[in-house]
1. Looking at region 35-51, which of its residues are farther than 22 Å from A24 by Cβ and of a type in the set (G, A, S)?
2. Counting only residues that are within 25 Å of S30 (Cα to Cα) and either among the acidic types (D, E) or part of a loop (DSSP other than H, G, I, E, B) (or both), how many does region 66-117 have?
3. Exactly one of (1) open to solvent by less than 40 Å² (accessible area, probe 1.4 Å); (2) in a loop (DSSP other than H, G, I, E, B); (3) within 20 Å of I28 (Cβ to Cβ) is unmet by G54. Its number?
4. Within region 61-82, can you find the residues that are of a type outside the set (F, W, Y), within 18 Å of L18 (Cα to Cα) and open to solvent by less than 50 Å² (accessible area, probe 1.4 Å)?
5. Output the residues belonging to region 19-42 that are surrounded by fewer than 21 Cβ atoms within 10 Å (Cβ to Cβ) and either closer than 22 Å to A74 by Cα or without any contact (Cβ under 8 Å) to a residue 40 or more places away in the chain (or both).
6. Among (1) open to solvent by less than 60 Å² (accessible area, probe 1.4 Å); (2) part of a strand (DSSP E or B); (3) in contact (Cβ under 8 Å) with a residue 40 or more places away in the chain, where does L11 come up short?
7. Quick one: how many residues across region 86-99 are more than 15 Å from the chain's Cα centre (by Cα) and either within 20 Å of V12 (Cα to Cα) or open to solvent by less than 30 Å² (accessible area, probe 1.4 Å) (or both)?
8. Cβ-Cβ under 8 Å, sequence separation 6+ or interchain: first residue in region 50-72 and without any contact (Cβ under 8 Å) to a residue 60 or more places away in the chain and within 15 Å of C95 (Cα to Cα), partner among the hydrophobic types (A, V, I, L, M, F, W, C) and assigned to a loop (DSSP other than H, G, I, E, B). Which pairs?
Amino acid sequence: QVQLVESGGGLVQAGGSLRLSCVASDLIISVYTMDWYRQAPGKQREWVAQITRGGITNYADAMKGRFTISRDNAKNMVYLQIDSLKPEDTAVYYCRAARSGYSNDYWGQGTQVTVSS
């Protein structure tokens, strides 16, 4: 059974950093495009960043500069580094795996990031 499990969230003060991790099981991430999304309280889920099979990264405009997505195919993991955290970064962060030409995609259960001012 395919599983994506996020970790690394927590409570952090504004200005701090976090590295979120997402590990996949029963799924080889090297053939997938991996994305991070987030959902703040009372808001819709929004796309944060993407890394393609070839390692090309893309970011939502509002995330450029403070967010860095990376992957380690050998460990079957994808990461999201968030620097200079702001209270408005408070959200549940999710990773997603999707594959071109396939309708299925896979989501993790999310990891909570809370930024205090």
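1. A40, G42
2. Initial filter on region 66-117 (within 25 Å of S30 (Cα to Cα)): 66-82, 92-111.
Next cut, either among the acidic types (D, E) or part of a loop (DSSP other than H, G, I, E, B) (or both) only: 66, 72-76, 99-105, 108-110.
Summing the residues that are within 25 Å of S30 (Cα to Cα) and either among the acidic types (D, E) or part of a loop (DSSP other than H, G, I, E, B) (or both) in region 66-117 gives 16.
3. Failed condition: (1).
4. Looking only at region 61-82, we keep the residues that are of a type outside the set (F, W, Y), and these are 61-66, 68-78, 80-82.
Right, trim to within 18 Å of L18 (Cα to Cα) and you get 62-66, 68-72, 77-78, 80-82.
The answer is M63, R66, I69, S70, R71, D72, M77, V78, L80, I82.
5. Once the filter is applied, which keeps residues that are surrounded by fewer than 21 Cβ atoms within 10 Å (Cβ to Cβ) and either closer than 22 Å to A74 by Cα or without any contact (Cβ under 8 Å) to a residue 40 or more places away in the chain (or both), region 19-42 yields R19, S21, V23, S25, D26, L27, I28, S30, V31, T33, G42.
6. Just one mismatch for L11, condition (1).
7. Narrowing region 86-99 to residues more than 15 Å from the chain's Cα centre (by Cα): 86-88, 99.
Remaining after also requiring either within 20 Å of V12 (Cα to Cα) or open to solvent by less than 30 Å² (accessible area, probe 1.4 Å) (or both): 86-88.
The number of residues fulfilling the criteria is 3.
8. Once the first residue is without any contact (Cβ under 8 Å) to a residue 60 or more places away in the chain and within 15 Å of C95 (Cα to Cα) and sits in region 50-72, no partner that is among the hydrophobic types (A, V, I, L, M, F, W, C) and assigned to a loop (DSSP other than H, G, I, E, B) comes close enough.
The values are calculated or read from the model by the stated rules, or taken from the named source; none is laboratory data. Quick caveat: nothing in here was measured; it's all calculated off a predicted structure. In this analysis, Cβ positions are derived from the backbone assuming ideal geometry, glycine residues included, and neighbour counts consider all displayed protein chains. SASA here: full protein model, heavy atoms, side chains in, ligands and nucleic acids out. Shrake-Rupley method; radii C 1.70, N 1.55, O 1.52, S 1.80 Å.
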